[in-house]
Each structure stands twice: as C-alpha cells, then as structure tokens.
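Here is the structure we will look at, set down as structure tokens.
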Amino acid sequence: MKHWSGYVLLFWLLAALLGLLLSVSGLALPGFAQADQIDLSRLLALPDSSAWLGRDDLGRDILSRLLEGASVALSVALVVTSITLLFGTLLGLLAGYYGGWLDRLLMQVTDVFLAFPGILLAIAFAAVLGPGLLNLVMALCLTSWVGYARLTRVQALSLRQRQHVQAAESLGASVPRILLRHILPLLAAPLLVEATYGIAGLVIAEASLSFLGLGIQAPHASWGSMLRDGVRYLLVAPHYVLAVGFSLMSLVLAVNVLGDRLRDALDVRRSD
Amino acid sequence: MLKRLLGVLPVVFGVLLLTFLLVHLVPGDPVEVMLGESATQADRAGLRAALGLDQPLPVQFGHYLLHLAQGDFGRSIHSGADIAGLLAERLPATLRLALLALAIAVLIGLPLGILAALHARRWPDQLATIASLTLSAMPHFWLGPLLMLLFALWLGWLPVSGMEGRWAIVLPALTLGFGLAAILTRMTRASLLEVLHEDYVRTARAKGLPERQVILGHALRAALLPVVTVLGLQLGSLLAGAVITETIFSWDGIGRLLVESIEKRDYPVTQACVLVIALSYVLVNLLTDLVYARLDPRIRFAS
C-alpha cells in the first residue's frame, strides 16, 4: 500500500485507536488536556503549545476531541458496514438464487428504500428513534443494507447459471454450500469495493446526523457535532471548523481513493 | 411509457407506507414523547384521538391516505399550523435553491468534463480529476462553512446567511452545486471518452468534418444521454442535501423546516417533509426516464 491514501488511512486508524483508548481509560495525552476537560479561561483559544489545534467553545482541547471523534467515526462506519454487509449479502444471495416471491419482495422493498434520496431516510429514522449512539447505528443500519443486497442479488442471479454452480448442484451439493462455497467467493471483489465506498459514505453520514444533533451527544465528541459548534464561532475561531473539516475530508478522500484503486486492481465494473 | 408510469405506483405506495410507519417507530408512546411529562391525562387522550392513534394500524393508514388525497397533511403539534400551508410556504425557496445549484453544476461540470475527456491523461484532465475527487470528499456541512468563511467573512463579498437581498442565495447554491458539479464532471468525462471511440465518430472525422463539429455535433449528443439520467437522479438528492445546507445558511426552505420539526419533536411535520422530498424524488426520476426515452432514438423507436 505504498500510496498516500494508504498512509492517510493508516494515520486515521491509529488516531482512532488512540482516541478510543483515551476515552475508555479516561487518560489524557501527556502534556494535553482530556477530551472533555473544560477550561473556561481559554474559550476558543488559538493553537498553542498546550493545545496544538486550539480550543473549542468550552475551552476543551480540539486535538483530543478530534481523536475521540475519529474513533466514533471509524467505529460507527466499521460496525454498520459489518452488520449491513452480512445481512444485505445474505438477503441478496437468497433472493438471487431462489428467485420467485422472495426476489420480487426484495426488489419491491429496496425500490422503496431507494426512493428516499441520500441520507434522508437515515435522518428520518434517527429523528424518530431519538439521539444517541445506539439509535444512530440503528438508523444507519436500517438504510445501508440496500446497496449490498441489490449488488449481491444481481450477481447471484447470473452466477447461478455458471457451469461450476450447475455442476455442484447436480453433484447434490446443499444450498448453503453452493451459496457460500461456489457463489460468494466470486462476489468478494465487488463487495469489497462497495464496502470501501460504503465506509466513506458512513463517515459522512455519521457526521451529518451528529451535525443535525441526532448522533453522539455531549460531552462526547463527534466530527459532526464539532463542525456544528464550530460554524457558530466561524468568525472568531475559524481554526475550530478548519481543523475538523480538513480531518474529515482527508479521511473520506483517502478511503474513496483506496476504493478507486481497489476497483481498478480487482477489475470490478461499477454501475454508478 | 404506460408501463413505466404503472411501475411507479408500488414505489409510491411503499413510500407512503414507510413514512406512515415512521411515527410508529418512536420508542414507547409517541404521545408521551410529543407532549412531555407535564401533560395531563386529558391532553394525552386528546392528542391520541386527534392523531387517530387509538385505532388499529390499517385503519390509521387508510385515514392517512384519505387525508393526503385531499391535500391534508394534518396539523403541527407545536404551533397548530396547517402543514400543507407550511409546505407551500417553504417549498418555493428550496426549489429556487435546487434549480440554481443545478445550473451551477451544469455550467461547471459539463465544460470541465468535456475538457478532461478531450485532454485525457494530460494536465487538464488530471486537474479536473483532482478537483472532482476533492469536492466529492467535501460534504455540505464542511464545504458550506468553508465558502462562508472565504466569501462572506474574509472577503466580505456575499451575505453570511439568511434570505435578505438577491445575493443571499449564492453561497447555499454554490455549496449544493459544487458537489454535483464534481459528479457531473466525472460522468461527462467517462461518457465522452467512451463515445469518442465509436465508429460514427471515426466516420465523421474521415469525411473531413472539422474537429469542433465532430465533438459538438456527433460525439457530445450521444455522450450526454447518460449524463441526463445522472442529473435527474441528482436533482432529487439536491433536495436531501438542502436539509443540511439550508440549516447552515438559515435558508427557510423545506429542509430547514424538517430540521426544525425534528428539534421540536413535531412528528407530523417531520413525516410530511420526508414524504414530500421522497415523492419529489420519485417524480423527478420518472420525468428523467421519460425525457431520456424521448432523447434516445434507440428507445424511442423500439417502443
């Protein structure tokens, strides 16, 4: 992975791990304040040696909060991707392989989900479920499985006709064996590419919901809620928004570029 | 064409059902959540009856559809205002914003995409690719503040937020438009590159047409067809993007109405906004398909 996107991603993975460690242990980086340590004498202070990225509207260290935000962003993205990848792929495999009413039902349901543009449906789910980390994950899970199900279904539909699958069938292989051993491995590449783009999308989605006040709640940090607070003090403390914005952008850009590289390397055709 | 029209009906029905069920997802008693703990028993019973929550679900759904068919979206719990009126008041602002954003995206994305395709793998192409990659990693809630900082606070050229004066729309429209311009650039580039290898482009060149006419008259016409589809799909997501952009710039459109209703736990308004945005999206997609069918002779003559 000798490409800048790999290094940026590695950087943020380590940052997220550090952020997770700090928030679980309640410790602080040596020489810095804890992520939720309020210092009312230094509201919106500019970057200095005690806070490399400055301080927020409650005098908290932006760098420490950025690390905590990275751990939230990446863990939400990874957890939601794992759950929806599993669930969506399973549904798509069954629908594509069996066809019939199951397939028609899946298509109808996913058509309805796709009728809601962008993250509107996730916003709607999060709005009625109420704020909080668990509800945020739930809202994102409820809306993110659709892409994987559609992708798997259409692939399984055509792979079912392949000779090696029909040979396995005539040898009396069980359905789970056919699905998992003969069809799924051929789906690994497109699913991997899709999941990479999915992670970038989820980092943005988590931040969007938190920006609207629907995600992580105070005093915990999220890039979305930090951006929302930062916009309020844009004139007096532009460093706040800039620090969070550039972090988010670098992570999303790195993941997307990695997705492009994976797609080219694995020769996956993607219908946008 | 009739088949396409009929095909939309199950989706519309599903959208109606899902938005209807949204309010029933509220953990616990929605009435409890809406009124808070200080409400009296009578208040709760009153609201429950007003919302029809004391009836079985299918009956409630029937009522919901019946009211919607009459243009009745119910009333806001918070202010008691007629929701249809609220929507009618807010929707034009969002449409103005979305249309200007679309225009910006087309004016930037198309020329940039064409330029990139004509100079494939040389510096104009690489520059356009970097620009569109970077822009697509900038969600509205980051691009918006950045533009605000640059053009309103530092340069002082444009108003920071609000809806006063004719220039107030520029920053939110740029915020919405830039992201779409990025997608459009990539689509136009890819589509034009593909077409440039077609036989009829070679024929046009072979019969001695000037390059300008080959590109504009022959290649571009065919290359723009898939781009139209993407534009249609994206017009709907502009409406979704408006939710955050309008919040940042205090633009009183339907997106901001949605966010306000969420903050006030005004579920009927939330439900109505989600429904209207989703149905507009379905409608725009349908229109795009129909326009596409008119534009593409292969589809036009096949049916």
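Helix B:267-295 against the longest principal axis of chain B: what's the angle in degrees, Cα atoms only, rounded to the nearest 10? Approximately 30 degrees, to the nearest 10. Helical content of chain A, expressed as a calculated mean residue ellipticity at 222 nm, amounts to -23500 deg cm²/dmol (DSSP H runs of 4 or more residues, -39,500 (n - 2.57) each, divided by residue number, nearest 500). Of the Cα atoms belonging to the stretch A:83-219, the radius of gyration and Dmax stand at 17.4, 60 Å.
Fully extending the segment from A:V79 to A:S41, taken as 0.36 nm per residue of separation minus the present Cα-Cα distance, adds 9.8 nm.
When the convex hull of the Cα atoms of the stretch B:101-180 is projected onto a plane and the area is averaged over all directions, what value comes out in nm²?
5.6 nm²
Our estimate of slack between B:Y200 and B:Y292, defined as 0.36 nm per intervening residue step minus the Cα-Cα distance, is 31.0 nm. Ranking A:V112, A:T152, A:L63 by Cα position along the charge dipole of the stretch A:1-155, where only Lys, Arg, Asp and Glu carry charges on their C-beta atoms, puts A:T152 farthest toward the positive end. The calculated pair-distance distribution of the stretch B:1-158 uses every alpha carbon pair, bins of 10 angstrom beginning at 0, and gives 8, 20, 22, 20, 18, 9, 2, 0 percent. Summary of the geometry: the stretch A:67-83 and the stretch B:49-69, compared by the centres of their Cα atoms, lie 39 Å apart. Placing +1 on each Lys and Arg Cβ and -1 on each Asp and Glu Cβ, with no other charges, gives the protein assembly as shown a dipole about its Cα centre of roughly 2040 debye.
Projecting the Cα atoms of B:L100, B:A69, B:W123 onto the charge dipole of the stretch B:59-139 (Cβ charges, centred on the Cα centre) puts B:W123 farthest toward the positive pole.
Computed over neighbours whose Cβ is under 12 Å from that of B:L86, the net charge equals -2, Lys and Arg +1, Asp and Glu -1.
Scanning chain A for long hydrophobic helices, with DSSP H runs required to stretch 30 angstrom or more by C-alpha along their axis and to average at least 1.0 on the Kyte-Doolittle scale, returns A:4-25, A:62-98, A:133-159, A:184-211, A:238-266.
Given a cut-off of under 8 Å on Cα pairs at least six residues apart, what relative contact order in percent is computed for chain A?
Numbers: 377 pairs, mean separation 63.8, N = 272.
About 23 percent, as a whole number.
Short-range pairs are left out: with C-alpha atoms under 8 Å and at least six residues apart, the relative contact order of chain B is 24 percent. Rounded to the nearest 0.05, the FRET efficiency derived from the C-beta distance between B:A69 and B:Q41 at R0 = 35 Å is 0.55.
Chymotrypsin sites (Phe, Trp or Tyr not before Pro), restricted to the stretch B:126-218: which are DSSP loop and have at most 15 other Cβ atoms within 10 Å?
B:W157, B:W167
Annotation: amide H of A:G215 within the under-5 Å range of A:G132, A:S210, sequence separation 5 or more or interchain, hydrogens built in the peptide plane. Using a Förster distance of 41 angstrom, determine the FRET efficiency expected from the C-beta separation of A:L171 and B:R4, and round it to 0.05. After rounding, the FRET efficiency stands at 0.40.
Only the Cβ atoms of Lys and Arg (+1) and of Asp and Glu (-1) were treated as charged; on that basis the dipole of the stretch B:1-120 about its Cα centre amounts to roughly 600 debye. Over all projection directions, the Cα-based convex hull of the protein assembly as shown averages an area of 32.2 nm². Farthest toward the positive end of the dipole of the stretch A:72-217, out of A:I183, A:N135, A:A200, is the Cα of A:I183, where the dipole comes from beta carbon charges about the Cα centre.
Compute and list, largest first, the equivalent-ellipsoid semi-axes of the stretch A:67-108 from the alpha carbon gyration tensor, each √(5λ) rounded to a whole angstrom.
After diagonalising the Cα gyration tensor, the semi-axes are 33, 8, 4 Å.
For the stretch A:26-155, rounded, prolate or oblate, judged on the Cα gyration tensor with a ≥ b ≥ c (square roots of eigenvalues), a/c < 1.5 rounded, else prolate if a/b > b/c? Prolate shape, in that a/c is at least 1.5 and a/b is the bigger ratio. Of the trypsin sites (Lys or Arg not before Pro) found in the stretch B:204-249, the ones in coil according to DSSP and having at most 13 other Cβ atoms within 10 Å of their Cβ are B:K207. Here the Debye sum runs over all C-alpha atoms of chain A as equal scatterers in vacuum, and log10 of I(q)/I(0) at q = 0.07, 0.09, 0.11 Å⁻¹ comes out as -0.32, -0.50, -0.69. Interface size, chains B and A: roughly 3500 Å² of accessible area buried, both sides included, 1.4 Å probe, rounded to the nearest 100. Convex hull of alpha carbon positions in the stretch B:137-289: directionally averaged projected area 12.0 nm².
For the stretch A:1-63, dividing the convex hull volume of the Cα atoms by the residue count gives 98 Å³ per residue.
Using just its DSSP H runs of length 4 or more, each adding -39500 (n - 2.57), chain B gives a mean residue ellipticity at 222 nm of -24000 deg cm²/dmol after division by all residues.
Here the stretch A:30-162 is treated with +1 on each Lys and Arg Cβ and -1 on each Asp and Glu Cβ, and its dipole about the Cα centre works out to around 740 debye.
The values are calculated or read from the model by the stated rules, or taken from the named source; none is laboratory data. None of these values were measured; they are calculated from a predicted model. Every residue, glycine among them, receives a Cβ derived from its backbone with ideal geometry; neighbour counts consider all protein chains shown. Quick note on the areas: whole protein, heavy atoms, side chains included, nothing else; ligands and nucleic acids left out. Shrake-Rupley method; radii C 1.70, N 1.55, O 1.52, S 1.80 Å.
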